[in-house]
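Chemist: Submitted below is the structure of interest, expressed as structure tokens.
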Number of protein chains: 2
Amino acid sequence: MNKVRLGIIGVGNIGTGHVQNILSGQCPEIVLSAAADRRESRRSWIRENLPDIPVFSEGEDLIASGQCEAVIICVPHYQHPPLAISALRHGLHTMVEKPAGVYTLQVREMNAEADRHPDLVFGMMFNQRTNCVYRKLKEMIDRGELGTLKRVSWLITDWYRTQNYYDSGAWRATWAGEGGGDLLNQCPHQLDLLQWLCGLPVRVRAFCHEGKWHDIEVEDDVTAYLEFENGATGVFITTTGDAPGTNRLEVTGTRGKVVCENGVLSFSRLAVDERDWCVSCPEGFRKPDCETVVVPTDGKNPQHVGVLNAFAGSILRGEPLTADGREGIRGLMLSNAMHLSSWLEKPVDLPFDEQLFKDLLMERCRHSRRKEDADITFDTKGSY
Amino acid sequence: MNKVRLGIIGVGNIGTGHVQNILSGQCPEIVLSAAADRRESRRSWIRENLPDIPVFSEGEDLIASGQCEAVIICVPHYQHPPLAISALRHGLHTMVEKPAGVYTLQVREMNAEADRHPDLVFGMMFNQRTNCVYRKLKEMIDRGELGTLKRVSWLITDWYRTQNYYDSGAWRATWAGEGGGDLLNQCPHQLDLLQWLCGLPVRVRAFCHEGKWHDIEVEDDVTAYLEFENGATGVFITTTGDAPGTNRLEVTGTRGKVVCENGVLSFSRLAVDERDWCVSCPEGFRKPDCETVVVPTDGKNPQHVGVLNAFAGSILRGEPLTADGREGIRGLMLSNAMHLSSWLEKPVDLPFDEQLFKDLLMERCRHSRRKEDADITFDTKGSY
């Protein structure tokens, strides 16, 4: 079988997970052909677990080595766009871990580079798009089963993290190292799914609380209010400080409501469109007839493995990606707009002033906290 | 048996419900001794159903008639405080339908009058406080079972109303007639319960959409963000435009989370306080141990009948009310603050400028829409 020779750049929490998935045979069309990490401890781990492949300190050296036809980039967020740009320029197919970057201007450069290489596969690791529940919901919305969007609320407060998590890496939860907190590290999945399912809002008012539950300088508690072009509204509520937390997505359209919680998709389907009913019903309180069903899905949820296998299939046979790399900017626009709104203490219209966002972010980076690196790698199983 | 001779002022949707409850024998310590309504159609209804009692056009005449020792006031909201003040001055025990009034300044006058009559019973019709689920939750919070409040979210979007509902009365859904929409008419229950359970927030930022789903001039869609004194945050989301809608209250404290939906109270209880765990757990992603249980309640939910019977018990034997009339101002403060925040397009701190709110409301009243009165009385069963 023809296999994709993949180099991995960054073997921290999530990179280690990818290596283990590939080594355990879950990605039969991928062979690891090189790895890079700036930490000696992680390079030792690679040498122990992958004795036959070249190991680099710098991702740039891996990219230039000629050992790979594709790379996956799993380093701190700021480095995603520059490494992806370099990989694309070296003719490598490129998979980027979420988020696409820290600020949209750098991601626009990455996307522009990708556009210059239509022959190369450029993917984004939006593993939650492989979840049968979200795939099914996307399909229902696209088919018009919910009618026109009226309201969305996502209570995604089950990203629990301890103080020790934040102390585990010097880059973590700092403006200079990570460029944000909950919105940049935990929520890129949901921000992407939100825009994938409902489209991007046109206006955001967010309330980000920095270091509220942990000794960190970035946000660990966010409530955002959204307005969409058609007048629909939404809230997005997230924290790494709640236990046990909640992950409940509710989408209401003119023809019904879907609730997605605990892996179950529940659909309350109206017999008629509520907008028609509202003006024609002769009674005052009566709702349209409604039946609630649990929506069957295909049950498949291959997560990171699914994204990597689609990446290989795209390289080898031109099959569709889970998520094109260029789509990474959309969730980041939401994230940046939430930060900007909170910093400015007012609503922010999309598209927003991306230079202003970068300037305000860089100002924060200049005063960013210096942290000791505890050099800890966590097992991320079940944490995403 | 000694019975309270009760006069009812206003026999519209909700007043008719009270009359029917009393006539059906559910309030054995209350006898209807007079009724008033400005509409001939409702006075005819009273004469048919209560042939032996005096019927008045004006509430003031009922109050002055000497036919009652207590009144219940079920007229449009603006008239609640002036009628209650008059009733108290005439030495009558007074029960007021929610909301306490339209703006807090008029309610402060009512409360001041009540304070001048400590011998009279003054109650507020907060029938949802009789719901076993909310009573149990209140008990749990007061006992500290949830620890310290961190987050509350109430998605209360199941107040569905058709256009015909709004067309049913000239006063409905106008600034001059009702003084607000969803927040004034449907949500006083939840706004009261919210402050009863969690206390009043210190800051509110609300987004009220007027006439969004119906041809009305007041709000029928609201998203409000709340901040409490201890740093806890919340959202309150309501509309009369969603079907089937949702009524889901989630309260998270440092020792666990309660979800109240579909009449079920579900408690996720942590083995230790999350705040202690966060700083002591050596792992990164691990949450404190947690068990989720359905909380048993006494199953009693006597609603309006319960409030009226407690009112009679208080008059006859000094027993506790469901809600003291003076507490009505608290939910109204929340409601007024939400309107004010939305009108000013900025966060509003509590206590807010009550004169400013009144001025802005009166400005709206001056331009308020004139509507035809369809003179329709709906059966409210199951609508509250």
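Chemist: Within region B:216-225, can one find any residue that is away from chain A (no Cβ under 11 Å), within 30 Å of residue A:160 (Cβ to Cβ) and among the charged types (D, E, K, R)?
Modeler: Among the residues of region B:216-225, not one is away from chain A (no Cβ under 11 Å), within 30 Å of residue A:160 (Cβ to Cβ) and among the charged types (D, E, K, R), which makes the answer no.
Chemist: Let me ask you something else. Within region B:64-86, which residues are in a helix (DSSP H, G or I) and over 24 Å from the mean Cα position of the chain (by Cα)?
Modeler: B:64
Chemist: Please count how many residues of region B:262-271 are more than 10 Å from chain A (Cβ to nearest Cβ) and at negative phi.
Modeler: So the count comes out to 5.
Chemist: Find the residue count for region A:271-290, including only residues that are open to solvent by less than 90 Å² (accessible area, probe 1.4 Å) and either closer than 30 Å to residue A:130 by Cβ or basic (Lys, Arg) (or both).
Modeler: Of the residues in region A:271-290, 2 are open to solvent by less than 90 Å² (accessible area, probe 1.4 Å) and either closer than 30 Å to residue A:130 by Cβ or basic (Lys, Arg) (or both).
Chemist: Working only within region A:217-229, note down all residues that are assigned to a loop (DSSP other than H, G, I, E, B) and in contact with a Lys or Arg (Cβ under 8 Å, 6 or more places away or on another chain).
Modeler: Hit for region A:217-229 is A:217, nothing else.
Chemist: I need every pair where a residue in region A:299-322 that is over 17 Å from residue A:7 (Cβ atoms) has its Cβ under 6 Å from the Cβ of a residue that is of a type in the set (Gly, Ala, Ser), sequence separation at least 6 or different chains.
Modeler: A:319/A:313; A:321/A:123; A:321/A:310; A:321/A:314; A:322/A:310
Chemist: If you take the residues of region B:1-40 that are free of Cβ contacts under 8 Å to residues at least 40 places away in the same chain and assigned to a helix (DSSP H, G or I), which of them is least open to solvent (accessible area, probe 1.4 Å)?
Modeler: Applying the filter and picking the extreme gives B:19.
Chemist: Those residues that are small (Gly, Ala, Ser), farther than 23 Å from residue A:221 by Cα and either surrounded by 18 or more Cβ atoms within 10 Å (Cβ to Cβ) or within 14 Å of another protein chain (Cβ to nearest Cβ) (or both), I need them from region A:312-357; list them, please.
Modeler: A:312, A:314, A:323, A:325
Chemist: Filter region B:165-174 down to residues that are of a type outside the set (Asp, Glu) and touching a residue at least 60 places away in the same chain (Cβ under 8 Å) and give me whichever is most open to solvent (accessible area, probe 1.4 Å).
Modeler: B:171
Chemist: From the list B:307, B:251, B:264, B:293, which residue is closer than 22 Å to residue B:144 by Cα and surrounded by 13 or more Cβ atoms within 10 Å (Cβ to Cβ)?
Modeler: Just one listed residue meets the conditions, B:251.
Chemist: So, residue B:252, is that one within 10 Å of chain A (Cβ to nearest Cβ) and under 22 Å from residue B:169 (Cβ atoms) or not?
Modeler: no
Chemist: Related question: How many of the residues in region B:230-248 are part of a strand (DSSP E or B) and either open to solvent by less than 10 Å² (accessible area, probe 1.4 Å) or at the interface with chain A (Cβ under 10 Å from one of its Cβ atoms) (or both)?
Modeler: The qualifying residues number 8.
Chemist: Oh, and also: Residue A:276 versus (1) among the acidic types (Asp, Glu); (2) out of contact with any strand residue (DSSP E or B) (no Cβ under 9 Å at 6 or more places or on another chain); (3) within 14 Å of chain B (Cβ to nearest Cβ); (4) within 30 Å of residue A:18 (Cα to Cα): which is the lone unmet condition?
Modeler: The one condition residue A:276 does not meet is (4).
Chemist: For region A:87-97, check the following and say yes or no: at least one residue is part of a helix (DSSP H, G or I), at pLDDT 95 or above, open to solvent by 10 Å² or more (accessible area, probe 1.4 Å) and touching a helix residue (DSSP H, G or I) at 6+ places or on another chain (Cβ under 8 Å).
Modeler: The answer is yes, given that some residue of region A:87-97 is part of a helix (DSSP H, G or I), at pLDDT 95 or above, open to solvent by 10 Å² or more (accessible area, probe 1.4 Å) and touching a helix residue (DSSP H, G or I) at 6+ places or on another chain (Cβ under 8 Å).
Chemist: Separate question: Restricting the first residue to region B:128-143 and requiring it to be over 20 Å from residue B:188 (Cβ atoms) and open to solvent by 50 Å² or more (accessible area, probe 1.4 Å), which pairs with a second residue that is of a type outside the set (Lys, Arg) and not in a helix (DSSP H, G or I) meet a Cβ separation below 9 Å and a spacing of at least six or different chains?
Modeler: Once the first residue is over 20 Å from residue B:188 (Cβ atoms) and open to solvent by 50 Å² or more (accessible area, probe 1.4 Å) and sits in region B:128-143, its partners that are of a type outside the set (Lys, Arg) and not in a helix (DSSP H, G or I) give B:139/B:145.
Chemist: Go through (1) crowded, with 19+ Cβ neighbours inside 10 Å; (2) closer than 24 Å to residue A:336 by Cβ for residue A:50 and report which single condition fails.
Modeler: Against the list (1) crowded, with 19+ Cβ neighbours inside 10 Å; (2) closer than 24 Å to residue A:336 by Cβ, residue A:50 comes up short only on (2).
Chemist: Out of the residues in region A:175-213 that are in a loop (DSSP other than H, G, I, E, B), open to solvent by 10 Å² or more (accessible area, probe 1.4 Å) and within 14 Å of another protein chain (Cβ to nearest Cβ), which is farthest from residue A:353 (Cα to Cα)?
Modeler: Among those residues, the one meeting the criterion is A:213.
Chemist: Between a first residue in region B:331-344 that is over 19 Å from residue B:193 (Cα atoms) and a second residue that is among the charged types (D, E, K, R), which pairs have beta carbons less than 7 Å apart while being 6 or more apart in sequence or on different chains?
Modeler: Hits for this filter: B:341/B:205.
Chemist: Consider residue A:146 carefully, then state whether it is closer than 23 Å to residue A:297 by Cβ, in contact (Cβ under 8 Å) with a residue 60 or more places away in the chain, open to solvent by less than 20 Å² (accessible area, probe 1.4 Å) and in contact with a Lys or Arg (Cβ under 9 Å, 6 or more places away or on another chain).
Modeler: Judged against the criteria, residue A:146 is a match.
Chemist: In the list A:43, A:108, A:135, A:151, which residue meets the criterion of being part of a helix (DSSP H, G or I) and more than 20 Å from the chain's Cα centre (by Cα)?
Modeler: After applying the criteria, what remains is A:43.
Chemist: Taking only region A:111-127 into account, find how many residues are of a type in the set (D, E, K, R), open to solvent by 20 Å² or more (accessible area, probe 1.4 Å) and not in a loop (DSSP other than H, G, I, E, B).
Modeler: Of the residues in region A:111-127, 1 are of a type in the set (D, E, K, R), open to solvent by 20 Å² or more (accessible area, probe 1.4 Å) and not in a loop (DSSP other than H, G, I, E, B).
Chemist: Same structure, new question: List every residue pair whose Cβ atoms lie under 7 Å apart, where the two residues are 6 or more positions apart in sequence or sit on different chains, the first residue falls within region B:54-81 and is more than 20 Å from residue B:316 (Cα to Cα), and the second residue, located anywhere, is among the charged types (D, E, K, R) and in a loop (DSSP other than H, G, I, E, B).
Modeler: Listed by first residue and then by second, the contacts come to B:57/B:38; B:76/B:178; B:77/B:178.
The values are calculated or read from the model by the stated rules, or taken from the named source; none is laboratory data. Here the structure is a predicted model, which is why all the values come from computation and not from measurement. For neighbour counting, all protein chains shown are included, and Cβ atoms are generated from backbone atoms with ideal geometry for every residue, glycine included. Areas reflect the complete protein model, heavy atoms only, side chains present, ligands, DNA and RNA absent. Shrake-Rupley method; radii C 1.70, N 1.55, O 1.52, S 1.80 Å.
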